[in-house]
Amino acid sequence: MASIREQFPILKTQVNGKPLVYLDNAASTQKPTRVVNAIAQYYNTSHSNVHRGVHSLSQKATQLFEEAREAVRNYLNAESSDQIIFTKGCTDAINTVASGYERLLKKGDEVLISHLEHHSNIVPWQMACERSGASLKIIPMNHKGELEWSASLLSPRTKMVAVNHVSNALGTINPIQQIIADAHAVSAAVLIDGAQATPHFAIDVQALDADFYTFSGHKVYGPTGVGVLYGKRALLEKLPPYQGGGDMIKTVTFSKTTYAPIPFKFEAGTPNMAGAIGLHEALNFMSEIGLEAIASHENRLLLYATEELSRIPGIRFIGTAENKASVLSFLVEGAHPYDVGVLLDQMGIAVRTGHHCTQPIMDYFEIPGTVRASFGIYNTMEEVDQLVRGVMRSASMLV
Ligand code: PMP
């Protein structure tokens, strides 16, 4: 643990005069020095534009960018690296698919999303449905924050099912394997928003049989501004491009443009090479620690934090699913979550407060928001103790 923490200089800093306790990993993770160095090294030694240069630097940059694509393929166990599209982030990846579907969907078709989605897996589908005339249907959830999945929610009209693998607000791990199998039985495609799964456990898109899988670089210890869309080849080939521009074309005349093959059809303009190279390094970092070791460490933190916080009078957990990843959302009775967050910040403890871009979940529980602690590779049991002490102090000041 000491050697992992050593790689994150920010963990040695102070906030409000107190050592930082960073428990906002679901919003964004901190970056190990090797990721920052990989980006600096790229700009210092290898930068040029990719894919269209004969000169050596351009070829070097292209090689590094394409090696990053191969690293993502390997990380997701995708069939082939041309099924890996670099995007700006998870939101951009979902919009890429939703905007393509907007043109494929017809009146009478249905798109099924869940009550547990982040706004970025709601709004793009609402927009696609509004513009195409398709209807948006919702998978309901129960009071534990678990999806009430039933294959009867599907019909031959269902063309797309878009759900997250893990809920960012509640930590629920969703039964995506069952959802994918049931959706395929009615020939619906499935998009899995993996933003909160990829930081915590290994993903195998072939074993899952996911049609699309998306995630963000900045939540897996990589840089901001880069994300990934994985898709099955036949679906990506059928999907209309999201944006037009350079690099995504085969031929252009004023009367007609033909598109480049995947993945380039979806990568209009100069891509974020530095971001992809930083992401490659971040995936190496996680793989070297081992995804199983990461999952079991974070699970211990989650169980310990749940147990210790539950001793505080007036604590109420929001999201008590049987199957959870390292997110803990809670309220202290009689205290506004925002006030708890501000007091914790005074103690150097970074948690997130609010609706976590999941307003329908907050509406379900009839609450304005929660306090959310979310754990990463570098968090410790001592930090959980500090959180518990901090929440107790906040409660004694506010209630
Ligand atoms: N989906 C989920 C479940 C998320 O937690 C997030 C980020 N909070 C996103 C999508 C969007 O990711 P980004 O903002 O990096 O595009």
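The values are calculated or read from the model by the stated rules, or taken from the named source; none is laboratory data. What you are looking at is a predicted structure, and each value in this text was computed from that prediction instead of being measured. As a convention, Cβ positions derive from the backbone with ideal geometry for all residues, glycine included, and neighbour counts pool all protein chains shown. Surface accessibility is based on the protein's heavy atoms, side chains included, excluding ligands, DNA and RNA. Shrake-Rupley method; radii C 1.70, N 1.55, O 1.52, S 1.80 Å.
Computed values, structure above
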| item | result |
| --- | --- |
| Solvent-accessible area, 1.4 Å probe, carbon plus sulfur percent, for the chain | 53 percent |
| Calculated P(r) tail over 16 Å for segment 305-399, as whole % of Cα pairs | 52 percent |
| Net +/- balance of residues flanking Ile138 in space, Cβ distance below 14 Å, scoring K and R +1, D and E -1 | -3 |
| Protection-proxy order for peptides 241-253, 316-328, each taking the mean of Cβ atoms within 10 Å per residue, highest first | 316-328, 241-253 |
| Helix axis angle, 56-76 relative to the chain longest principal axis, alpha carbon, degrees | 60 degrees |
| Normalised contact order of the chain, rounded percent, pairs of Cα under 8 Å and 6 or more residues apart | 22 percent |
| The chain - accessible surface per residue (Å², probe 1.4 Å) | 41 Å² |
| When the convex hull of its Cα atoms is projected in every direction, mean area for segment 37-138 (nm²) | 8.9 nm² |
| Pairs of Lys in segment 22-140 closer than 26 Å at Cα, counting only those 8 or more apart or on different chains | 5 |
| Anisotropy class of the chain from Cα gyration tensor, a/c 1.5 cut | oblate |
| Radius of gyration and maximum dimension Dmax of segment 224-383, Cα, Å | 22.2, 70 |
